[in-house]
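Asker: Got a structure for you, questions after.
Read the figures in this text as sums done on the coordinates, not as results from a lab. Model, not experiment: these values are computed from the prediction. FYI the Cβ positions are ideal-geometry reconstructions off the backbone, even for glycines, and counts take in every protein chain you see.
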Protein chains: 2
Amino acid sequence: MTDTDIRGKIYSLTEKGLNSEVESELKGLIKPESIGIAQINPHPADFEYNSKKIVKYIRHAQNIGLNLVIFPEMSLSGFPLDDTTDRHPNLVEENVKWLRQIAKVTTETTALVGFAESVKDKKGKYYSSVAVLSDGKIQNIIRRQVLPAVSEFNDYLYIEASDDGAKTIIVNGKKCGIIVGDEDLASEDIISGIIKEQPEALIICSVSAMNPQKEYVKSNVLSFIAKKYSLPVIYVNQVGAADCVTFAGASRVYDKNGNLLARAKSFEEDFAVVNPDKNFGKINPLPEGLEQQEVAASFSLNYEPDLERTYKTIVQGIRDYFNKTGFKRAVLGLSGGLDSTVCAVLLADALGKENVFGVSMPSKITTDTSKSDAEQLAKNLGIGFAVAPIKDMVETTSSGLDELFNKVEGSWNCRYKQSYTLDNIQARSRAVILWGISNEFESCLPIATSDKSEAYMGYATINGDMSGGFAPIADVTKTKLFALARWLNKNREEKDVIPESVILKRPGAELAIDPNTGKPLCAEDALMPYEFMDEVIWRIENKKEHYNDLINAEFLYEKTHKLPREQKALWLDKFYRRMAGAMYKWSIMVPSVSVDKRYIGSSEYRQPITSSHLDYKGKSEEEIARCLN
Amino acid sequence: MTDTDIRGKIYSLTEKGLNSEVESELKGLIKPESIGIAQINPHPADFEYNSKKIVKYIRHAQNIGLNLVIFPEMSLSGFPLDDTTDRHPNLVEENVKWLRQIAKVTTETTALVGFAESVKDKKGKYYSSVAVLSDGKIQNIIRRQVLPAVSEFNDYLYIEASDDGAKTIIVNGKKCGIIVGDEDLASEDIISGIIKEQPEALIICSVSAMNPQKEYVKSNVLSFIAKKYSLPVIYVNQVGAADCVTFAGASRVYDKNGNLLARAKSFEEDFAVVNPDKNFGKINPLPEGLEQQEVAASFSLNYEPDLERTYKTIVQGIRDYFNKTGFKRAVLGLSGGLDSTVCAVLLADALGKENVFGVSMPSKITTDTSKSDAEQLAKNLGIGFAVAPIKDMVETTSSGLDELFNKVEGSWNCRYKQSYTLDNIQARSRAVILWGISNEFESCLPIATSDKSEAYMGYATINGDMSGGFAPIADVTKTKLFALARWLNKNREEKDVIPESVILKRPGAELAIDPNTGKPLCAEDALMPYEFMDEVIWRIENKKEHYNDLINAEFLYEKTHKLPREQKALWLDKFYRRMAGAMYKWSIMVPSVSVDKRYIGSSEYRQPITSSHLDYKGKSEEEIARCLN
């Protein structure tokens, strides 16, 4: 068997998963210096699930004769744990017990396994550590020294930064430097400390929340270190999603010249075999958008370079949320509009079309096109479909309410002349139907279909389209969704599943009639153009601009349209007023997947609802002086 | 005028608020060494509101001839800000602008004002600082050095710990040591550092989230320091609620012998005048339960010693949430059950009975007693009331769903034999009605009436009784609610507003009929006795016990009932299984007020929903070994 034959075998093996027939054939053929990278997708705090997976890969590494198999940081414990260890104070000790038993499985093949190590005399605290396991024993432990301070996790309340950490160990006569976590990797002190010990290779075990700019920097840093110190660098990352957080995988190996030698898959569990000394490894392609050099200088409607990453992030997010919570099926309302349409496609890809059911729930406002578009989409996708008109529900509810409102008016002389009550009854009736299906059928979650532009505007209905067990596109703006819809039509195996008319029609909830046109009210008429709104969001999130910056900036929309300055100010005011009013809705956002750098779900963004009167414009000192006199 | 007369005048002045007539009469009568304690209730990030209040009290202090007026930490900025400064990057600079203008108002009366001080070269970061204002200028700034690490805030991401902090300043020839924040007060290094400068008095400006055990310790520490160093100690705290967090006020002064000389009101804004040298001050009473020496050694159904604090905490929480967000009115469903009844009383006390409207929404399961209890309560309280039967809504919804479910069954062969669909349709129909009223009437929020015991069990309905703009009793367990109901009947001015039958009946949602009795299903039959459940909650929260501790503990319920060990294990299993399943519901908990030491809203407790398969019992090493082989 030639080297190339072996490589082919190994790659097919790792692609097909573990296969004892191929394993035994290969045994002994792999160079003894080879290393396995077990890029796994653990479940937070599910030690049994995670341990079984770890043991499976350890045995596989033993079977094919590897020297070393490396797992990511916090593999055994899963990540994040957040407050889990606070409410379940035995968890850290439990995960250590599992580690001891995993150690017993090991032979001369060394395994590096990330776990939560209990801290002596500090109950509930733990180090993020990597255990060196071989010959049936825990041989050594390496601890993380530097902790991140980011708002999407609060594990830092429980994780202890260790005084000692990164160090070298000997694996089969070779000195390897081991580092735990991205922050330790970023510490010059830690790197120079370990380099002094003259390691022959550097291994970093990490659990790194995806962020395209960080991914880019990380790659460069890894390659730079490899070249500077002339040693192979092996970076092993978790893959998968836990609630809204994404780990992209893409574990990688650089040779001592700083060249990329191997890269594991992105957004998929993978077992990669590499040998930096023999130049042996496979480079899997990187989804477009996963490594972005920097935030774009200006807002653009050309989302194309980021859509593959966006798609894979959401599909993994849906799949893992369902898998890890034990749900299988999704039911959603199909309005014939863009949001629910894109959700349906993403759900079908994540869960399988047989596990998705779409319900068209027309009211008297729903147009015929919307009804037929919904049906056509379901047919194209091959998902379940039914029509359930809400006319009777809405009428019965409304007529009961009319009577009640008159009674309430007896106490409160403050009834609105115009209200959104009827609009909301429609949206809430639909949610009652979807939650009803979820109550009636096993392992089924209803889907919240609202998008990020609407979330900023507080435009979705409480207990209506905001409501569901999961919200696939809550972190995708409307203009990006249009681009994603076109991308899906072009890039999925089945082309053009989304009817063109869905993409062409102007978005609107079809909850009310526009008195000016006699047709369903369009969202842009009630709010402002999406192109403008999405640039405000983009600038706030990516450029950290505030109201006064925005007033003075030149928007793309201003370049392409004549926009009077007064109109711009009106829109910006409306944006900020609506955003302040949306804080309550943000606080009850259902679980979603975080796609962009900054997400607004309560796990990542927290602002007191009681701050709703803050002055977003600010005042001059003269105005302030007048206020105080 | 004798000393006593002056005191009487001053107290009545501070109790009635600011009154220029009395002010001018008193001017010059107050000893020039006197100090004003302005225990204010600022709104997070509403600088105009906060500054106007600060200026009002500064002018008042000037008018009555005080030397010094002290405001709490973060008075100008409000607290918490959490991510507010991240989304509005101009906020810190804005609050500094307001400070400069406040300074211009000052005369020879010195004012100490807590604010957010921008950090040079670190945009978005700020110190928690206190400015010393007098003669129209910012004379000095004292910074906080030590930060807390608690999960209910994430301000720590933005607050910078300062290298230098606590220091002495001269006020009217007197050397005063100034300390910012509870954590600086708790630092021995900081205290001994400032004592070396030989101050004549110690002033602590704080914004201290309420916790009865912490309140107790703090009082002792303040008294201890005063006595040890033989100098007066003045502690100025914020009062009020911001979202779920409570600041209790109760600012206080100890004389140089460590004796309590003055205490401002609890749960109320207050302006107190004190003179430690002249033994001049007023001690307001402390609500029962606000200072508790330690967590009780064992669970007890005697909640009496903590009910005044509980009541005042919730009433302040409701009042401030409505005030600070701009809402005035509350509408709630009155089922005739304990939860909605207690909520109605608390709302009436917080918002005024004219601002509360109760709706009885009987279904065919609702008993006659429940209907008449709801009506009687509304009558006793004097709140608005109407009856709106949900029979038609439920029937229309159910019949539409029956047809739809049959269609879904064509795709999914996994329909439950028994489901909660009908139960939930009832709860959701009621929420549609309440949200409808909130949509139709100005400044009106619907109320989520579910309690803490139900929250642990995930027993409340999504988009049903879980749903609302605010949840007054989400942090009160059921057995405590019974005690609170009795306490309300006894301690409110109007006695016995809660009908005795509400307190006597066994709780149940009246959503389903118990097939064994033919009567509405009681919650305890579906779950477990509340007395048992609430002890589990108490032990988890206060004793940090886990499943195995609980199995081995002797419960109060076991002392008073014969409880076979198998039954106990079954209940505990049910508790932990249901709690794991409730994580999604916890993540979308509506804003509430945190009453106990540990609250489960997403601002205070975060556990990944994807951790739902964690093994709460744990395993022995033998069991683990078997699992892995």
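Asker: So what are the three principal axis dimensions of segment B:329-384 from its Cα atoms, in whole Å, longest to shortest?
Answerer: Dimensions of segment B:329-384 along the principal axes of its Cα atoms: 32, 17, 17 Å.
Asker: Further question on the same structure: Of all chymotrypsin sites (Phe, Trp or Tyr not before Pro) in segment A:35-112, which ones are in loop regions per DSSP and have a Cβ with at most 11 other Cβ atoms within 10 Å?
Answerer: Loop-located and lightly packed - none at all.
Asker: Now for a different question. Measure nothing but the geometry: give the 0 to 90° angle between the long axis through the Cα atoms of A:368-381 and the longest principal axis through the Cα atoms of chain A, rounded to 10°.
Answerer: That works out to roughly 20 degrees.
Asker: For segment A:281-375, rounded, prolate or oblate, judged on the Cα gyration tensor with a ≥ b ≥ c (square roots of eigenvalues), a/c < 1.5 rounded, else prolate if a/b > b/c?
Answerer: oblate
Asker: I would also like to ask the following. List the distances, in nm to one decimal, from the label point of residue A:542 to the label points of the same position in every other copy, shortest first, placing each label point 7 Å from Cα along the Cα-to-Cβ direction.
Answerer: Sorted ascending, the copy-to-copy spacings read 5.3 nm.
Asker: Right, something else. Within a 10 angstrom radius of each residue's Cβ in A:320-328, how many Cβ atoms of other chains show up on average? Whole number is fine.
Answerer: 3
Asker: Same structure, new question: Can you divide the C-alpha Rg of the protein assembly as shown by 2.2 N^0.38 Å and report the result to two decimal places?
Answerer: Expressed relative to 2.2 N^0.38 Å, the Cα Rg reads 0.96.
Asker: Using the reciprocal of the averaged 1/r over all distinct C-alpha pairs, how large is the Kirkwood radius of segment B:177-336 in Å?
Answerer: That comes to 17.2 Å for segment B:177-336.
Asker: Follow-up. Please figure out what share of the DSSP beta bridges in segment A:148-277 is antiparallel and state it in percent, rounded to the nearest 5.
Answerer: If we restrict to bridges inside segment A:148-277, about 65 percent are antiparallel.
Asker: How large are Rg and Dmax for segment A:486-576 when only the alpha carbon atoms are used, in Å?
Answerer: In Å, with Rg to one decimal and Dmax whole: 16.5, 47.
Asker: Now a separate question. Go ahead and collect, in residue order, the members of segment B:301-320 whose backbone nitrogen is under 15 Å from a label point 7 Å along the Cα-Cβ direction of residue B:490.
Answerer: B:301-311
Asker: Can you show me the helix-derived [θ] at 222 nm for chain B, built from DSSP H runs with n ≥ 4 at -39,500 (n - 2.57) apiece and divided by the number of residues, rounded to the nearest 500.
Answerer: That calculation yields -12500 deg cm²/dmol at 222 nm.
Asker: Quick one: angle between helix A:421-440 and the longest Cα principal axis of chain A, in degrees between 0 and 90, rounded to 10, please.
Answerer: 40 degrees
Asker: I'd like the distance separating the alpha-carbon centroids of segment B:191-216 and segment A:66-91, in whole Å.
Answerer: Rounded to whole Å, the Cα centres lie 40 Å apart.
Asker: Moving on to the next point. Whole-Å semi-axes of chain B's equivalent ellipsoid, largest first, each the root of 5 times a Cα gyration tensor eigenvalue?
Answerer: Result for chain B: semi-axes of 49, 28, 24 Å.
Asker: Determine the distance separating the Cα centre of segment B:229-278 from the Cα centre of segment B:542-583; give it in Å without decimals.
Answerer: For segment B:229-278 versus segment B:542-583, the Cα centre distance is 42 Å.
Asker: Put the label 7 Å from Cα along Cα→Cβ for residue B:122; what are its distances to the other copies, in nanometres, shortest first?
Answerer: 2.1
Asker: Hey, what did segment B:211-282 get for relative contact order, percent, Cα under 8 Å, at least 6 apart?
Answerer: Contact order relative to length: 25 percent.
Asker: Can you give the FRET efficiency for residue A:195 and residue B:161, using 1/(1 + (r/R0)^6), R0 = 30 Å, r = Cβ-Cβ distance, to the nearest 0.05?
Answerer: Efficiency, rounded to the nearest 0.05: 0.45.
Asker: Please go through the residue pairs B:371/B:495; B:379/B:585; A:328/B:371; A:312/A:543; B:490/B:544 and name each one whose alpha carbons sit more than 32 Å apart in this structure.
Answerer: Checking Cα-Cα distances, B:379/B:585; A:328/B:371; B:490/B:544 exceed 32 Å.
Asker: For A:368, A:306, A:83, what's the fewest-to-most ordering of other Cβ within 10 Å of each Cβ?
Answerer: With the fewest neighbours first, A:368, A:306, A:83 line up as A:368, A:83, A:306.
Asker: Moving to a separate point now. In nm, what does the list of distances from residue A:569 to its counterparts in the other copies look like, shortest first, when each label sits 7 Å along Cα to Cβ?
Answerer: Result, one decimal in nm: 7.4.
Asker: Report, for segment A:268-422, the % of DSSP beta bridges that are antiparallel, rounded to 5.
Answerer: Percent antiparallel among DSSP bridges in segment A:268-422 is about 10.
Asker: Roughly how many whole Å is it from the C-alpha centroid of segment B:594-629 to that of segment B:414-456?
Answerer: Their Cα centres are 28 Å away from one another.
Asker: May I ask you to derive the relative contact order of chain A, considering only C-alpha pairs under 8 Å and at least 6 residues apart, and to give it as an integer percent?
Answerer: Relative contact order, chain A: 10 percent.
Asker: What does the C-alpha gyration tensor say about the overall shape of segment B:539-629? Classify as rounded when a/c is under 1.5, otherwise prolate if a/b is larger than b/c, or oblate.
Answerer: oblate
Asker: Relative to the longest principal Cα axis of chain B, at what angle does helix B:391-411 sit, 0 to 90 degrees, rounded to 10?
Answerer: Computed tilt is about 70 degrees.
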